[in-house]
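Structure, as structure tokens:
The values are calculated or read from the model by the stated rules, or taken from the named source; none is laboratory data. No experiment lies behind these values; they were computed from the predicted model shown. So basically every Cβ, Gly included, is an ideal-geometry build from the backbone, and we count neighbours across all protein chains shown. In case anyone asks, the SASA skips ligands and DNA or RNA and just uses the protein heavy atoms, side chains included. Shrake-Rupley method; radii C 1.70, N 1.55, O 1.52, S 1.80 Å.
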Amino acid sequence: MFTAFFVCHMNGLYTILLLIASNVFMTLAWYGHLKMAEFSWFKTLPLIGIVALSWGIAFFEYCLQVPANRIGFEGNGGPFSLMQLKILQEVITLVVFILFSVIAFNMQIKWNHIVAGMCLIAAVYFVFGFK
């Protein structure tokens, strides 16, 4: 009994850690090229080169995202339903993106960003709170 409980919770932790790492790669693949445009060598890269570089980074995102979903899905012994996995992934994506925006682009967090974050917390509550 304890072993099954422990494995299920460890699967949940592994899922969350893999999703965080996956979303770091995803954010770099999708938005990193906007920051890289500050470098002269990168400005001369044709669009196809930028796309290829982004796809190369996104490869690592998929190498983490797919195992995260397999490990975390309740159909495979994980603790999360399909809906919970999706909401969890979206919340992690937005948290990683906010951190990236603040660190890489010196963006300021505004009141509407905070309200949007509270709506995400509410979404998590509704998805996880009622089974």
Q: For region 40-50, just list the computed ³J(HN,Hα) in residue order, Karplus coefficients 6.51, -1.76 and 1.60, θ = phi - 60°, integers in Hz, with x standing in for Gly and Pro.
A: 4, 5, 7, 5, 7, 5, x, 4, 4, x, 5
**Q.** Carbon/sulfur fraction of accessible area - the chain, other protein chains in place, 1.4 Å, %
**A.** 78 percent
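Scan the chain and report its longest stretch carrying no chymotrypsin sites (Phe, Trp or Tyr not before Pro) that are both in a DSSP loop and have at most 12 other Cβ atoms within 10 Å.
40-129
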Q: May I ask you to evaluate 6.51 cos²θ - 1.76 cosθ + 1.60, the Karplus curve with θ = phi - 60°, for each residue of region 19-35 and list the ³J(HN,Hα) values in order in whole Hz, giving x for glycine and proline?
A: 5, 4, 4, 4, 6, 5, 5, 4, 5, 5, 5, 7, 10, x, 5, 5, 6
Q) Using θ = phi - 60° and the Karplus form 6.51 cos²θ - 1.76 cosθ + 1.60, what ³J(HN,Hα) does each residue of region 99-114 get, whole Hz, x for Gly and Pro? A) 4, 4, 4, 5, 6, 7, 10, 6, 6, 9, 7, 10, 4, 5, 5, 5
Q: Multiply the residue separation of Val115 and Glu90 by 0.36 nm, subtract the distance between their alpha-carbon atoms, and state the gained length in nm to one decimal.
A: 7.4 nm
Q: State the extension gain, in nm to one decimal, for the chain segment bounded by Ile20 and Ala123, taking 0.36 nm per residue of separation less the distance between their alpha-carbons.
A: 35.2 nm
Q: Would you mind pulling out the separation of the Cα centroids of region 80-106 and region 23-41, in Å?
A: 17 Å
Q | Per-residue SASA entry for Leu120, accessible area with 1.4 Å probe, Å² rounded to 10 | A | 50 Å²
Q: Please calculate how many Å² of accessible area the chain carries per residue, with a 1.4 Å probe and no DNA, RNA or ligand atoms counted.
A: 68 Å²
(Q) Can you compute the label reach from His9? Point 7 Å from Cα along the Cβ direction, backbone N cut-off under 16 Å, restricted to region 55-79. (A) 78-79
